[in-house]
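Structure first, then comments.
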Amino acid sequence: MRKLYSKGISLLLVLVFLLSICVPASATMISTRASNYLNKYDGVVTREGGGTIKISFTVIGTRVIDEIGASQIVVQKQVRGAWISVKTFNNTRNPELSTTNNYAYANYVLYDGEAGVNYRAEITVFGNIDYRTITTSSQRA
């Protein structure tokens, strides 16, 4: 009887311990935004053929904001394991990289590279005064 009582107490304590470490996901997960102005953003490099690559980006704001888009796209190629900047697009010379009074914006630029070379891009996206730089995965042209 005493052994059964001892095993029952031990099992009860193990169950209490296991249940105490289980915290509902809603209690530990806090919904956060990228910033006060930016909700989501992303960029990707895709192969177009003949050495040409397409650098696309998407920026989604938290609401309609004054100005949204990409301020700069730096194209980089891989040379002997190192990444070298080969072209910079900015929204001063390329006004199609951003827009005004919008909730979201997406666009792309094309770069004529060399076939067989790996390329990536550093894209600086923004919403009003908030700027974030992302680096895409590499893609062989």
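Assorted remarks:
- Shown in residue order for the range 72-77 are the 3J(HN,Hα) couplings computed by the Karplus curve 6.51 cos²θ - 1.76 cosθ + 1.60 at θ = phi - 60°: 7, 10, 10, 8, 10, 10 Hz (x for Gly and Pro).
- Neighbour counts of C-beta atoms inside 10 Å place Val74, Val86, Val64, Val59 in the sequence Val64, Val86, Val74, Val59, starting with the fewest.
A short reminder: the numbers here are calculations on the coordinates, not readings from a lab. Here the structure is a predicted model, which is why all the values come from computation and not from measurement. Please note: Cβ atoms are built from the backbone with ideal geometry, for glycine as well, and neighbour counts cover all protein chains shown.
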